[in-house]
């Protein structure tokens, strides 16, 4: 494998890092709100947010392409075939993979513990930042790992939204596809093997956290 293939690896790591940070900022408060809410609208919101779990990536990518493309409402942002377009697609597609573990971690916290904190004068913000987040930190960490790994292996959404532009949108999964199309099986093998090893390591870490009670 030549040094030129270091480029998609680094781009994928950058994309996964940025996406994971954004997802944590969104999913930690959102997971807490969903956990503490019992309204009739909650099942609909949860179903909408977790839709990418069952929706084919190409379908999601197609509608994102319509929204972000030249004829879409977000055309002035020029996100199609750009790194930040990949970020938008990755955040939407990986959101349930971060939200679900975070929400489960919050749901595992004893309500009586939160009620005791409230009786001692702790407000909603204090209960969230000083009690809930520390108690759910392992679940949040697991969610971050899962979101990072899932983003790193994305293909359908990133290909639809970003295409295959070297140095700009050619991430690791697209580089593997491109290598196979060119019948460069040696490069495809090494890139795939590296991604396989990384994915296996992620599953080991998640299993270890689960054994220690980090994942509900």
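Restricted to the range 104-207, the set of helices (runs of 4 or more DSSP H) holding at least 3 residues that are under 23 Å from residue 53 (Cα atoms) comprises 137-152, 156-162, 172-181.
For the range 56-83, a residue qualifies if it is within 30 Å of residue 104 (Cα to Cα) and surrounded by 16 or more Cβ atoms within 10 Å (Cβ to Cβ), and the qualifying residues are 57, 60, 61, 64. For residue 152, the conditions (1) without any contact (Cβ under 8 Å) to a residue 24 or more places away in the chain; (2) within 13 Å of residue 93 (Cβ to Cβ) all hold with the exception of (1).
All of the numbers you see were taken from the coordinates with simple rules; none came from a lab. As the structure is a computational prediction, the values presented were derived from the model and not from experiment. Quick reminder, even Gly has a Cβ in these numbers, built from the backbone with ideal geometry, and neighbours come from all protein chains shown.
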